[in-house]
1. Whole angstrom only: what separates the Cα centroid of segment 32-83 from the Cα centroid of segment 131-206?
2. Where does helix 153-163 land angle-wise versus the long Cα axis of the chain, in degrees 0 to 90, nearest 10?
3. Alpha carbon centre of segment 335-363 versus segment 88-107: separation in Å?
4. Would you mind checking the radius of gyration and Dmax of segment 151-257 based on alpha-carbon positions, in Å?
5. Give me the number: length gained by fully extending H200 to K40, i.e. 0.36 nm times residue separation minus the C-alpha to C-alpha distance, one decimal in nm.
6. Rounded if a/c is under 1.5, else prolate if a/b is larger than b/c, else oblate: which is segment 142-207, with a ≥ b ≥ c the root eigenvalues of its Cα gyration tensor?
7. Of G72, A163, I138, which is farthest towards the positive pole of the chain's charge dipole, taken about the Cα centre with +1 and -1 on the beta-carbons of Lys, Arg and Asp, Glu respectively?
8. In straight Cα distance, which lysines are under 16 Å from K243, not counting same-chain residues fewer than 8 positions off?
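All of the numbers you see were taken from the coordinates with simple rules; none came from a lab. Being a predicted model, the structure only gives us computed values, none of them experimental. Cβ placement follows ideal geometry from the backbone for every residue including glycine, while neighbour counts extend to all protein chains displayed.
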Amino acid sequence: MKFATKAIHAGVHPDESTGAIMTPIYQTSTYVQDGVGNHKGYEYSRTLNPTRHALEKNIAAIENARFGAAFGSGLAAIDCVVKMLHPGDEVISTNDLYGGTYRLFTTIFAKYGIKFQFVDMSDASNVANYVTEKTKLIWVETPTNPMMNIIDIEAVAKIAKQAGALLAVDNTFATPYLQTPIDLGADIVMHSATKYLGGHSDVVMGILVTDNEEISKEMYRIQNSTGAVTAPMDSFLVLRGIKTLHLRVQRHCENGAKIAHWLAKHPKVDKVYWPGFESHPNHAIAKKQMRDFGGMISFTLKGNKIEDAHALVKKVEIFALAESLGGVESLIGHPASMTHASIPKEEREKTGVVDSLIRLSVGVEDVEDLIADLEQALR
Ligand SMILES: *Cc1c(COP(=O)(O)O)cnc(C)c1O
């Protein structure tokens, strides 16, 4: 089955008792058993809930894998992956990383004796320089936030296999519609379903997917043992969101491409970061591993003044000044004073997060209105 058919049908069945086409929200903690040990597959909702179960099967199918697990947030999903490791193990991670992931690694897990290295993976062969016999996990985020760097998943997967380490890919920015890391050799895919999968800015959720049965057992064991599960209502919302994922992402990409090209020609704009440009350093890899280039764009202003960036994000009327991304509505953000404010200026500037850098999550509105909004704000 192809993507859209799976997105709409995988894991869901009309309700047997009523025929309801939508998966019911099983707002229940427990399940009545006919006799001791004689139940219908559900015993307690931390362990398994029918609405969550439908979502877990659905997301696994669209990532071309068999096993999915849903968590209370993206960070709770990442937390589960790191809990597969032991003290003394080493992790090699993308350097241009989602800030919350960096905080989880460095302020929570480092003190349990897990060692993290943050490396530039834009040339994948660089990863091999950091592999030791203690390397147990390689963590990749692509495209990266907010610099839109692209990492060659297939090349890193080969290095991970050789090292005997797991490869996990944060697929939040790309979505499974644009990129399926398991097909490229990844062991685990992670999502902040808060973003494109939910797609309507009304839910916080995390997802893990794997096609490896052994990893799945560990994933479900940790999910049940630590209990950071998502709720039935939220599972329903994300299941509903995924039904239109392909349509939304198509429009995000279309709008994103038009805005990226328009920005590149604007006299007040300096650099535009978007993997669809042929001049993007890893454009060829993006073309190889992604179906299209997504709706996330970053750009800088000529003169690189923080006041100009602050004025711009205040001036826009359709774009909303907010953190997060991937919803139907367009958002604008200023990484240096929002998502990356906790990183010292010198450190953030090394990765390109300069004072005038602006990040757009291009929504699915009419693109002419979005461009007019940016035009009046830039003026
Ligand atoms: C938002 C985000 C996360 C964290 O997910 P939450 O749902 O906010 O916990 C992780 N990775 C990326 C790329 C994100 O954008």
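1. With segment 32-83 and segment 131-206 each reduced to a Cα centre, they are spaced 20 Å.
2. 60
3. 17
4. Gyration radius and largest Cα-Cα distance of segment 151-257: 15.1, 44 Å.
5. Numbers: separation 160, 0.36 × 160 = 57.60 nm, distance 3.31 nm.
Contour length minus Cα-Cα distance gives 54.3 nm.
6. On the way: a/c = 2.54, a/b = 1.88, b/c = 1.35.
Prolate, since a/c reaches 1.5 and a/b exceeds b/c.
7. Positive-end residue among those listed: A163.
8. Partners found: K2, K6, K57, K195.
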